Amino acid sequence: MDRLKEFLINTDGAEFVTIEMIQDQVEIVLMESGHFQVMKHFIIYRNDRNKRREKAKEKIEKKIEQNTLKIKKTS
C-alpha cells in the first residue's frame, strides 16, 4: 500500500493520472504482497472491462460513421 500511496503522492500536480495507471500500481502492490489469486482476478476483471469498453466504443464509432448517433437529454 505504501507503493500505491507513494505513486499517488508523486503524481500530485501531474497533468492527469489515468485509471489504468492506478490499476497498474494496484497489480504491483498485490503481487509484492503475495496476493496472487486476487491479482489474477483483478487482471481478468480489467481485461473484461477493457473488452467491454472497446466494444461500446466501436458501437458508437459505427453509429457516427453511419450518421445514426442520437443524443438524448437527461435531467
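Read-outs throughout are calculated quantities, based only on the coordinates presented, and are distinct from any laboratory measurement. Quick caveat: nothing in here was measured; it's all calculated off a predicted structure. Every residue, glycine as well, gets a Cβ built from its backbone with ideal geometry; the counts of neighbours run over all protein chains shown.
A few remarks follow.
- P(r) of the chain over all Cα-Cα pairs, binned every 10 Å from zero, in whole percent: 16, 30, 26, 19, 8, 0
- Computed label-point distance, nm, for sites Leu69 and Tyr45 using a 7 Å Cα→Cβ extension: 3.0
- A simple spin-label model places pseudo-atoms 7 Å from Cα toward Cβ; at Lys57 and Gln23 they are separated by 1.1 nm.
- 0 to 90° range, to nearest 10: angle between helix 19-32 axis and the chain longest Cα axis: 30
- Loop-located chymotrypsin sites (Phe, Trp or Tyr not before Pro) in the chain, at most 13 other Cβ atoms within 10 Å (DSSP): Phe16
- Residue order, fewest to most beta carbons within 10 Å, for Val17, Val26: Val17, Val26
- Other residues whose C-beta falls under 12 angstrom from the C-beta of Lys55 contribute a net charge of +3, scoring Lys and Arg +1 and Asp and Glu -1.
- Using alpha-carbon coordinates, inclination of helix 36-65 to the longest axis of the chain, degrees: 20
- Proximal lysines relative to Lys59, as straight alpha-carbon distance under 18 Å, when same-chain residues fewer than 8 apart are discounted: Lys51, Lys70, Lys72
- Across the options Met39, Thr74, Thr11, the greatest Cα extent toward the positive end of the charge dipole of the chain (unit charges at beta carbon of Lys, Arg, Asp, Glu) belongs to Thr74.
- Nearest-0.05 FRET efficiency for Ile9 and Met31, computed from C-beta distance (R0 22 Å): 0.60
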